Amino acid sequence: MFALRNASRLFPLLLAVILILLTLWLEYLLSMLPAGRDPVNRGTVEYMASDFVGTSFDANGRIDRHAFGKSMWQYPEDKRVFFTDSTLEQYSLGRKDLSIFTTSGLYNNDTGIAFLDGKVRARREPSAQHPLPATLDTTRLTVDTRKRTADTLAPAIYVEGGNRIDSVGFHYADATQQYKLKSRVRMTYAPPKSE
């Protein structure tokens, strides 16, 4: 009878001890499981591509854009893509009409803005509207792919046929196809040859 009376008093104490041991055992098991996500090291490259080539096509299966370069990389949780010695070619109806080369740069996926540095060269191929090829050389260029604009504060040289324009800084809007030259403008004009 004594054992039954004491057992009823010991039951809550025994239950508390079992709960404590169960809690410690569960904590141990949880500590052995891998964490949901490792801490992000933003200084470590998340992915890298070397000697890359990429091509996109329009709805009719014609080449639309072609990109290739030496290297491209991105950091964790960063919307910017970095690249070196890279060329982007843009096509119209399957025909190349523009190419841009840069020794280094980055493109922000959120804003659609590219920052190009080092040697930057843009080349427009001849067309019905512009029968002569044209090149633009600078050391720094910001391209807004959504607004279709290009800007620089660096010295730039534009050459089309025998015409040459040197300036320090310019703004170009593709919608109006107009250049605004910022400062120190020099121009050499070669009139077309008459036949």
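Here the Karplus relation 6.51 cos²θ - 1.76 cosθ + 1.60, evaluated at θ = phi - 60°, turns the backbone of the range 124-130 into coupling constants of 9, 6, x, 8, 4, 6, 10 Hz, with x for every Gly and Pro. Listed cross-link partners Lys147/Lys193; Lys119/Lys180; Lys96/Lys147 are compared with a 25 Å cut-off, the Cα-Cα value being larger for Lys147/Lys193. Assuming charge only on the beta carbon of Lys and Arg (+1) and of Asp and Glu (-1), the dipole of the range 45-186 about its Cα centre is about 560 debye to the nearest 20. In the assembled protein chains, Phe101 presents an accessible area of approximately 60 Å² (probe radius 1.4 Å). Summarising the amide proton neighbourhood of Asn163: residues at separation of 5 or more, or on other chains, whose placed amide H is nearer than 5 Å comprise Ala190.
Surface composition of the range 46-171: carbon and sulfur make up 56 percent of the accessible area, probe 1.4 Å. Dipole orientation for the range 45-186: of the candidates Leu93, Leu141, Ser183, Ser183 has the Cα lying most toward the positive pole (charges on Cβ; Lys, Arg +1; Asp, Glu -1).
Overall form of the range 45-186: oblate. Here a/c, set by the Cα gyration tensor axes a ≥ b ≥ c, is 1.5 or more, and a/b is not larger than b/c.
Each residue of the range 62-73 was assigned a 3J(HN,Hα) from its phi angle through the Karplus curve 6.51 cos²θ - 1.76 cosθ + 1.60 (θ = phi - 60°); the sequence is 8, 4, 10, 9, 9, 10, 8, x, 7, 8, 8, 8 Hz, with glycine and proline shown as x.
Using a probe of 1.4 angstrom and keeping all protein chains present, the accessible surface of the range 45-186 works out to 60 square angstrom per residue.
The values are calculated or read from the model by the stated rules, or taken from the named source; none is laboratory data. This structure is a prediction, so every number in the text was calculated from the model and none was measured. Cβ coordinates were reconstructed from backbone atoms using ideal geometry, including for glycine residues, and neighbour counts include every protein chain displayed. Each accessible area value is taken on the protein alone, full model and side chains, heavy atoms only, with ligands, DNA and RNA left out. Shrake-Rupley method; radii C 1.70, N 1.55, O 1.52, S 1.80 Å.
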